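Structure, as structure tokens:
The values are calculated or read from the model by the stated rules, or taken from the named source; none is laboratory data. The structure displayed is predicted, hence computed values, not measured ones. Glycine also receives a Cβ, built like all others from the backbone with ideal geometry; neighbour counts cover every protein chain displayed. These accessible areas exclude ligands, DNA and RNA; they are computed on the full protein's heavy atoms, side chains included. Shrake-Rupley method; radii C 1.70, N 1.55, O 1.52, S 1.80 Å.
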Amino acid sequence: MHPYLNHLGSDLCRGLLEFGVGRPLGSTGLRWLKIHLANVFAGGVDKLSFSERVAFVDQNIDNIKNSAERPLEGNRWWSGAEDPFQCLAACMSLRDALESGDVEKYICFTPVQQVLFYCFFLLHAVCLDFLVSLPSIVAYHRMAHVMVCNIMQP
């Protein structure tokens with residue numbers, strides 16, 4: 001992989017990258033694709049609960065389809081995102097999935113960022129023997145630690 005075009009690069013680099021081998025979305029992939037789109041749109045949306053992020057995407061589905069079909073001539077909704085090129089790539093992938101006829105069998109190549117806060121926190125809590133304050137910290141459930149992974153079902 002080129003040193004300037006990688007998964008740790010800028011928004012433009014990350015928006016251009018796709019997996020070489022796609023995976024079917026399966027029963028939960030569409031939900032995670034919507035959550036990913038809300039995360040890269042950001043602007044506070046990435047701090048909402050998962051169900052609120054999915055609702056945000058559902059409420060903006062016309063803007064998302066317009067962005068995917070007419071990125072430069074349309075309303076350019078994607079350009080208002082915190083990570084606009086990743087947002088545009090997610091818009092295109094979501095539009096393709098919805099128009100595929102069978103969302104669960106749609107082959108997705110988009111790298112999806114998945115929130116792994118609970119596992120991440122518990123690992124560190126155990127390592128630091130810090131479980132005494134676990135209840136107060138877990139109450140802050142909207143923290144957004146992310147990892148890039150292909151969450152689609154094999």
Here the residues within region 62-96 that are farther than 16 Å from Val40 by Cβ and of a type in the set (A, V, I, L, M) are Leu72
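Look through region 16-50, keep the residues that are in a helix (DSSP H, G or I) and among the β-branched types (Val, Ile, Thr), and return whichever of them is surrounded by the most Cβ atoms within 10 Å (Cβ to Cβ).
Val40
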Qualifying residue in region 63-82 (condition: touching a residue at least 60 places away in the same chain (Cβ under 8 Å), small (Gly, Ala, Ser) and not in a loop (DSSP other than H, G, I, E, B)): no
Go through region 20-55 residue by residue and tally those that are under 18 Å from Ser100 (Cβ atoms), of a type outside the set (A, V, I, L, M) and touching a strand residue (DSSP E or B) at 6+ places or on another chain (Cβ under 8 Å). 6
Being open to solvent by 40 Å² or more (accessible area, probe 1.4 Å) and either free of Cβ contacts under 8 Å to residues at least 40 places away in the same chain or not aromatic (Phe, Trp, Tyr) (or both) is the filter here; which residues of region 83-94 pass it? Asp83, Met92
Considering (1) within 18 Å of Cys108 (Cβ to Cβ); (2) more than 13 Å from the chain's Cα centre (by Cα), say which one Ser79 fails and leave the rest. (1)
